[in-house]
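The values are calculated or read from the model by the stated rules, or taken from the named source; none is laboratory data. The model shown is predicted, which means the values in this text are computed figures rather than measured ones. Here the Cβ positions follow ideal geometry from the backbone for every residue, glycine too, while neighbour counts run over all protein chains shown. In case anyone asks, the SASA skips ligands and DNA or RNA and just uses the protein heavy atoms, side chains included. Shrake-Rupley method; radii C 1.70, N 1.55, O 1.52, S 1.80 Å.
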Amino acid sequence: MPFCLQPTGENYANPKTCLFHVLFKAAALAFYILSAIFIDSFVIIFVVTVFLAALDFWVVKNVSGRILVGLRWWNEIDEQGESIWKFECLDQESLARMNKKDSWLFWWTLYLTAVAWIFLGIFSLIRFQADYLLVVGVCLTLSIANIVGFTKCRKDAKKQIQQFATQTIASRFTSSLQSAFSVV
């Protein structure tokens, strides 16, 4: 769950994945914040910050999302030019075994990164720095894309689990009913 206290008593099951999940987020934010002090070139700030944010987007979407929460999403364009969201999730049994601490880290850092970019965007607005607002806008867009993708994926996974449970219950009821009538 994304809005609960951190689970206690268990370690991270995938510490390296957790490290890289946080590393690129922290690197993009830290570089953006510290570069204003040490670097005069907007182009360098833009390119490096957006590159780090793009690495974060890719790592979250293709690696840490699969390993830490068992979810994967992507978007395809069909022949008519329509955007189609595709979702994958582990089966119910595997999802139940996912490490709570890994999941907590995944969801909290996903949301907190977007909040940090929003604050930096407001700060850029207050300072009347439209060029830096562009950097923040690109990074925020990448963060929000992952939030939307994984949130939709999680909702789709819950719906699939509910459908599976309903089908299983209906199947067992039907087989019990059939066996009861076959005895008579």
Tell me, what is the FRET efficiency for PHE123 and ASP40 to the nearest 0.05, using R0 = 22 angstrom and their Cβ-Cβ distance as r?
0.70
Heavy-atom accessible area per residue - segment 21-61, 1.4 Å, Å²:
52 Å²
Once ASP78 and ALA130 are pulled to full extension, the length gained, defined as 0.36 nm per residue separation minus their Cα-Cα distance, is 15.1 nm
Could you derive backbone 3J(HN,Hα) for segment 19-25 from the dihedral phi with the Karplus parameters 6.51, -1.76 and 1.60 (θ = phi - 60°), listing whole Hz in sequence and x where the residue is Gly or Pro?
4, 6, 4, 8, 4, 6, 4
